[in-house]
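Nothing in this text is a laboratory measurement; each read-out follows from the coordinates by a stated rule. This structure is a prediction, so every number in the text was calculated from the model and none was measured. Glycine also receives a Cβ, built like all others from the backbone with ideal geometry; neighbour counts cover every protein chain displayed.
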């Protein structure tokens, strides 16, 4: 029977430290998993809600349009040359109809905005295609901008410089997530109102999408770690956003680069090839 | 060519949501001269379709009692000449499209719908229905004429035998 040497007090202390650290990491991972499951559930809920809204939205949209047409017809009758003067010359009536016209236009705009937002949410929430789809990248960018609109209101001015781009084969939902992620990060990097510049250009091998913000920027020593899984500067962050962004770009055989200057802002540059052969996972 | 006795187009609308039926019905009543019949219950709609002339049936996809595809499948059995259209929300569009071929639908319309597009689809559907009916009539006439001809032919042969 071999005699095992008893561990020294220093060794015990070191082992205790390692166990504590591993426990901490495990707890952290568990928290991230719970959070991710909650997000997934929320995603399903949102998709369900978006679907539910189609019906009342359909009725509202249809009726708004009809109201405008009905009012026009009523006006034609009431203000026609053979209508009694007491009616056709009635100032209050004319005033009321002018107000109705104004409100109808507002309702029309409101229902169009609802349809647009719902469209963006639905596009984002739907099942991804299994094969790449020829897509207009600007549509995906606009969809992401529409979803981020709430975050941007009053604090971010968006400047779009869209070039002439051909259709690109891609997984639209994944690119949507990529752009949305970068846009939200850009917003969160701003302590005061700022700007976001989106530029798209077509190059020899593919297209380039540049998203530049005037936020706080990223410390130079952190720049090459931002795409690593688990990296986050947010207290409640999971650190998976940008690592997923990188994965999704790589799925398209594209590239993503970042430039940043503390206090000035950050620029993300994404390159997507004109064609690629998707790898079967 | 429309004969003087041709009935007005009869359209059946089925949706479990009253607000959809009211919106569609009001729209159609002002823009067209179709007779529109609305139902929140697919079963009641089937009863009506059994007992009445129906040129077109428009149904929602997701309904509590019966889904739209099953319902329109039943409609096809009862009144095969009626044009069948499904109303579908974005989320169930893919399922609806798959089932459309099984049941033989004319078109699908997404919610929220566009009134102008809806009108064009309905007009096209009714026109198709009218043409199919005429075609059927012509085929029957030809068959009858052919049968008469064959009868005559037999008579002639008999005379010479």
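Summary of computed values
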read-out: Contact order relative to length of chain A, as percent, for alpha carbon pairs under 8 angstrom and 6 or more apart; value: 13 percent
read-out: Cβ crowding within 10 Å averaged over residues, with A:190-196, B:82-88 ranked highest first; value: B:82-88, A:190-196
read-out: Inter-chain shielding of A:62-70 (mean C-beta neighbours from other protein chains, 10 Å cut-off); value: 4
read-out: Using alpha-carbon coordinates, inclination of helix A:91-125 to the longest axis of chain A, degrees; value: 30 degrees
read-out: Relative contact order (%) - criterion: Cα under 8 Å, at least six apart; region: region A:103-201; value: 36 percent
read-out: Inter-site label distance for residue B:134 and residue B:94 at 7 Å from Cα along Cβ, in nm; value: 4.2 nm
read-out: Peptide-level mean, for A:17-26, of C-beta atoms on other protein chains within 10 Å; value: 0
read-out: FRET efficiency for residue A:155 and residue A:77, using Cβ-Cβ distance with R0 set to 56 Å, rounded to 0.05; value: 0.70
read-out: Amide N of region A:253-279 lying under 17 Å from the label point, which is placed 7 angstrom from the Cα of residue A:188 along Cα→Cβ; value: A:266-268
read-out: Chain B, relative contact order [Cα under 8 Å, separation at least 6], %; value: 17 percent
read-out: Mean ellipticity per residue at 222 nm, deg cm²/dmol - from DSSP H runs of n ≥ 4 across the protein assembly as shown, formula -39500 (n - 2.57); value: -19500 deg cm²/dmol
read-out: Inter-probe distance in nm under a simple model that places probes 7 Å from Cα toward Cβ, at residue A:103 and residue A:31; value: 5.2 nm
read-out: Degrees between helix B:68-78 axis and first principal axis of chain B (Cα, 0 to 90, nearest 10); value: 20 degrees
read-out: Other protein chain Cβ atoms within 10 Å, averaged over every residue that makes up A:46-59; value: 5
read-out: Cα convex hull volume per residue for chain A (Å³); value: 236 Å³
read-out: Ranked by how many other beta carbons lie within 10 Å on average, peptides A:178-184, B:126-132, B:35-41 from highest; value: A:178-184, B:35-41, B:126-132
read-out: Extension reserve of the residue A:41-residue A:16 stretch, reckoned as 0.36 nm per residue once the Cα distance is removed; value: 5.2 nm
read-out: Degrees, to the nearest 10: A:241-251 long Cα axis against longest axis of chain A; value: 90 degrees
read-out: Mean Cβ neighbour count within 10 Å, used as a protection proxy, ranking B:110-119, A:105-114 highest first; value: B:110-119, A:105-114
read-out: Three-way shape call for region A:1-157 based on the alpha-carbon gyration tensor, with the a/c threshold at 1.5; value: prolate
read-out: Sites residue B:110 and residue A:23, calculated FRET efficiency, Cβ-Cβ separation with R0 51 Å, nearest 0.05; value: 0.45
read-out: Global form of region B:10-130, assessed from the alpha-carbon gyration tensor, a/c cut-off 1.5; value: rounded
